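The values are calculated or read from the model by the stated rules, or taken from the named source; none is laboratory data. The structure presented is a predicted model; accordingly, all values stated were derived computationally and were not measured. Positions of Cβ are generated from backbone atoms using ideal geometry, with glycine treated the same way; all protein chains shown enter the neighbour counts. For accessibility, only protein heavy atoms count, side chains too; no ligands or nucleic acids. Shrake-Rupley method; radii C 1.70, N 1.55, O 1.52, S 1.80 Å.
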Amino acid sequence: MIKQRFAELAAIAVLVASLEGCTAPQPSQPELDKDPTVLGEFMKLDNKKGNWLNITQEQRLEDFAYLYQTLKENYPYFHVVQRMTGKEMEKVYQEYKEKVKTCDTDSKFFVILDQFTREAEMIGHLSTISPLDYPWFKEAYEELSGDTSEDGERMKRIGETYTNEKTAFCYEKMDEVFWPVFDEVMAYYDNLEEDESQAGSAASTPENQGEPQEFSNVETKILEPGKIAYIKICAFDMAGYEQDKKVLFDFYEQVKDYPHVIFDLTENGGGGMSYFDDLIAAPNIDEVLSTDVYMFMKAGKYNEKFIDFSEFQPISEAPSLPRMNREDFTEFDLYMPITYQIEPLSSGKMLQGKLWMLVSEKVFSSSEYAAMFTKATGFAELVGTTTGGDGIGIDPNPIVLPNSGFLVRYSPIYGVTPDGASSQEFGTEPDITSPEGQSPLDTCLREIAERG
């Protein structure tokens, strides 16, 4: 069974968001625009700093055309993007093609690529790999290059793509001009925060001034002694797997007899599927849990570089699924029924009480998988709002642009639940929906109180 191993981490998502984000009052540095962004300043680099590849305008257009053609033949979410965002990707492509025609630096070309993929609003993980996230993906897949599991060969191919000579050169040289811009913009906002901090110093104390705030991926609390325990997990961060395992398992032991334990995933944007399997589900079940889903795919040549088509079946043999979108279905060539299965870690559960899981629209990718699996199997009661989706699939494929070496990635798999509903488009509806204006935690606590 093909299984998604890694997705973007919440920490990376925060950094990537900083490329476009961060608004503030009028800057004190005259060389920066008002409310500067990293990409905005990066795009303004002159020909000397902004060109590290020495490719021509024609080559940039070739790269952009190659990207779009590859997506047309392999990316399964064109119709979904149009339904969910109102954008027709062909028109978006033509609009950005005109921008590429007037582009005269590599830095501008990168920003245009990034803006183009952002138009899809991360549907099907479509995104441009930035200097912020490139090192993580490169190292993560290098570590998986020796994987001997059933999807090890695919991991190896993805890893080789991230480390290919052209891409490695591109991002190495890009770092030399990108990070000074990043540091300058971050320093600008740091100065603003310092000014604001000084202005409000009367409300602070010497003990808390200037102290760094330590980030913890897992937060545990006792909400009601002897009755309600709470666990918040910000990301399924595989880099912190062992550290988080100790925190979680120690807390499980502490609250093992509590009648109610709440897992809060409302801020969790994904990570590794095995984080949920190993650290949340397996320790807290005493029988095998499983759910059947389907994966659909286009038989494009780029998909074939990473995926063994022989593991799939012809689309003509696919069963009739009542909620399957027929417009989407006509785009696919192959399908695969798969079973997600989790076995108990031991003969007994670590947590003996009722389990609750809080979710929101921010739940995406592997945390969406957790929500989908939880609802399908009854592992816990789901409370909150409909999730963000895209939790059925495999690792996104990286596309190398032939002239520049820039990377864009996309999900090759269109995953659906047993009735054919698209995981990306519909996400997972909770068992108990939070009313408008009420947090999932408050809804959950209200429900616990009402049930006595």
Applying the selection to region 345-373, what residues are modelled with pLDDT of 95 or more and touching a helix residue (DSSP H, G or I) at 6+ places or on another chain (Cβ under 6 Å)? Leu345, Lys349, Met350, Leu351, Trp356, Met357, Leu358, Val359, Val363, Tyr369, Ala370
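Could you please find all residues in region 361-394 being among the acidic types (Asp, Glu) and either assigned to a strand (DSSP E or B) or without any contact (Cβ under 8 Å) to a residue 60 or more places away in the chain (or both)? Talk me through it step by step, then tell me what you get.
As a first pass, look at region 361-394 and keep what is among the acidic types (Asp, Glu): 361, 368, 381, 390.
Of everything in region 361-394, just one residue is among the acidic types (Asp, Glu) and either assigned to a strand (DSSP E or B) or without any contact (Cβ under 8 Å) to a residue 60 or more places away in the chain (or both), namely Glu381.
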Every residue in region 43-56 that is part of a helix (DSSP H, G or I), open to solvent by less than 40 Å² (accessible area, probe 1.4 Å) and out of contact with any Lys or Arg (no Cβ under 9 Å at 6 or more places or on another chain), please. none
Met155 versus (1) modelled with pLDDT under 90; (2) surrounded by fewer than 19 Cβ atoms within 10 Å (Cβ to Cβ): which is the lone unmet condition? (2)
From Lys99, Lys91, Lys138, grab the single residue that is farther than 28 Å from Gly389 by Cα and charged (D, E, K, R). Lys99
Please specify each residue of region 243-302 satisfying the condition of being within 30 Å of Val80 (Cα to Cα) and acidic (Asp, Glu). Asp264, Glu267, Asp277, Asp292
Any idea which of (1) surrounded by fewer than 19 Cβ atoms within 10 Å (Cβ to Cβ); (2) touching a residue at least 40 places away in the same chain (Cβ under 8 Å) is the one Glu160 doesn't satisfy? (2)
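State whether the residues of region 336-346 include one that is assigned to a loop (DSSP other than H, G, I, E, B) and open to solvent by less than 10 Å² (accessible area, probe 1.4 Å). Lay out the reasoning, then the answer.
At the first step, the residues of region 336-346 found to be assigned to a loop (DSSP other than H, G, I, E, B) are 343-346.
Of the ones still in play, those that are also open to solvent by less than 10 Å² (accessible area, probe 1.4 Å) are none.
No.
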Looking at (1) open to solvent by 40 Å² or more (accessible area, probe 1.4 Å); (2) in a helix (DSSP H, G or I), find the lone condition where Tyr68 falls short. (1)
If you go through region 342-360 one residue at a time, do you hit one that is without any contact (Cβ under 8 Å) to a residue 12 or more places away in the chain and of a type in the set (Val, Ile, Thr)? no
Filtered residues of region 429-452 (kept if under 21 Å from Ala370 (Cα atoms), of a type in the set (S, T, N, Q) and either touching a Pro at 6+ places or on another chain (Cβ under 6 Å) or open to solvent by 10 Å² or more (accessible area, probe 1.4 Å) (or both)): Thr433, Ser434, Ser439
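Would you confirm, using the coordinates I've provided, whether Tyr141 is in a helix (DSSP H, G or I), farther than 18 Å from Asp328 by Cβ, open to solvent by less than 10 Å² (accessible area, probe 1.4 Å) and not hydrophobic (A, V, I, L, M, F, W, C)?
Working: in a helix (DSSP H, G or I): yes; farther than 18 Å from Asp328 by Cβ: yes; open to solvent by less than 10 Å² (accessible area, probe 1.4 Å): yes; not hydrophobic (A, V, I, L, M, F, W, C): yes.
Yes, satisfied.
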Return the residues of region 396-410 that are within 17 Å of the chain's Cα centre (by Cα) and either among the polar types (S, T, N, Q) or outside any strand (DSSP E or B) (or both); say none if nothing qualifies. Pro396, Asn397
Counting only residues in region 221-243 that are charged (D, E, K, R) and over 23 Å from Lys354 (Cβ atoms), the one least open to solvent (accessible area, probe 1.4 Å) is identified as Asp237
Cβ pairs under 7 Å, 6+ apart or interchain, first in region 187-199 and assigned to a helix (DSSP H, G or I), second at pLDDT 65 or above, ordered by first then second residue, are Tyr188/Pro36
Please count how many residues of region 395-417 are closer than 27 Å to Glu331 by Cα and open to solvent by 10 Å² or more (accessible area, probe 1.4 Å). 3
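Tell me yes or no: at least one residue of region 57-64 is part of a loop (DSSP other than H, G, I, E, B) and surrounded by fewer than 20 Cβ atoms within 10 Å (Cβ to Cβ).
We begin by selecting, within region 57-64, every residue part of a loop (DSSP other than H, G, I, E, B); these are none.
Within region 57-64, none of the residues are part of a loop (DSSP other than H, G, I, E, B) and surrounded by fewer than 20 Cβ atoms within 10 Å (Cβ to Cβ).
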I'd like to verify a number: residues in region 412-438 that are out of contact with any Asp or Glu (no Cβ under 8 Å at 6 or more places or on another chain) and in contact (Cβ under 8 Å) with a residue 24 or more places away in the chain, how many? 12
Any residue at all in region 313-333 that's on the phi < 0 side of the Ramachandran plot, modelled with pLDDT of 95 or more, open to solvent by less than 30 Å² (accessible area, probe 1.4 Å) and touching a Leu at 6+ places or on another chain (Cβ under 8 Å)? no
